[in-house]
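The values are calculated or read from the model by the stated rules, or taken from the named source; none is laboratory data. In this text, all values refer to a predicted model and were calculated from it rather than measured experimentally. Ideal geometry is used to build each Cβ from the backbone, glycine not excepted, and the neighbour counts take in all protein chains shown.
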Amino acid sequence: MSDDDCPCGRGAAYADCCEPYHRGAEPEDAETLMRARFCAFSKGEVGFLVRTLHKDHDDAARPADEVEAHLREGLAALNYQELSILDTRPVDDEGVAQVLFLAKVWCHGKDLSFVELSSFVHDGTGWRYLLGAPLLVSRLSGDAGRLRITSFPDAAQGQKGQS
């Protein structure tokens, strides 16, 4: 991947892919928001990450500058390398769309890759990140890339009580 490539995995240049979202455009669907959020983690676009939190997300109750500072601190050591969308679920009766993804992430040479089932809601302005259920790949049995939304809870069951 060259420096011009967008980290979101679509295979386009950053300027033509996720950068417009980081500058204020609204992603058209939950998957596009997920990709733009991964890219924002990769590029340190913490303002976008805060802007795209749903009002019911735990961090939305905190002052934005505090959340941004916390994100910057955490991102300083992390290297978000690759995103794979594993499965999506369209909007349900409650207005929630879901995206299951695999994020390849490293911290000081340690693999912190994880899968997450994320939930998104459109707030009338744009798609917003409501919540996520992450699982470290190192804790999963089997190929994380083969997970689907319907099998994700089964994988999560094996994680209860482990830290």
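Couple of notes before you dig in:
- Residue, nearest to LEU53 (Cα to Cα), within segment 114-154, restricted to residues that are of a type in the set (S, T, N, Q) and surrounded by fewer than 17 Cβ atoms within 10 Å (Cβ to Cβ): THR125
- Checked against (1) touching a residue at least 24 places away in the same chain (Cβ under 8 Å); (2) more than 16 Å from ARG37 (Cα to Cα); (3) of a type outside the set (Ser, Thr, Tyr); (4) in contact with a strand residue (DSSP E or B) (Cβ under 9 Å, 6 or more places away or on another chain), ASP123 meets all criteria but (4).
- Top-ranked residue in segment 1-27 [being touching a residue at least 40 places away in the same chain (Cβ under 8 Å) and either closer than 16 Å to PHE120 by Cβ or among the charged types (D, E, K, R) (or both); ranked as surrounded by the most Cβ atoms within 10 Å (Cβ to Cβ)]: CYS8
- Qualifying positions in segment 28-47 - outside any loop (DSSP other than H, G, I, E, B), in contact (Cβ under 8 Å) with a residue 24 or more places away in the chain and either within 16 Å of VAL105 (Cα to Cα) or touching a Phe, Trp or Tyr at 6+ places or on another chain (Cβ under 7 Å) (or both): ALA30, LEU33, MET34, ARG35, ALA36, ARG37, PHE38, CYS39, PHE41, SER42, LYS43
- Qualifying residue in segment 53-64 (condition: surrounded by 16 or more Cβ atoms within 10 Å (Cβ to Cβ), free of Cβ contacts under 8 Å to residues at least 60 places away in the same chain, in contact with a helix residue (DSSP H, G or I) (Cβ under 8 Å, 6 or more places away or on another chain) and not acidic (Asp, Glu)): no
- Evaluation of ALA12 against the conditions (1) hydrophobic (A, V, I, L, M, F, W, C); (2) under 14 Å from the mean Cα position of the chain (by Cα); (3) modelled with pLDDT of 95 or more shows that the sole unmet condition is (2).
- Residue match in segment 51-59 (condition: part of a helix (DSSP H, G or I), farther than 19 Å from LYS104 by Cβ and modelled with pLDDT of 95 or more): yes
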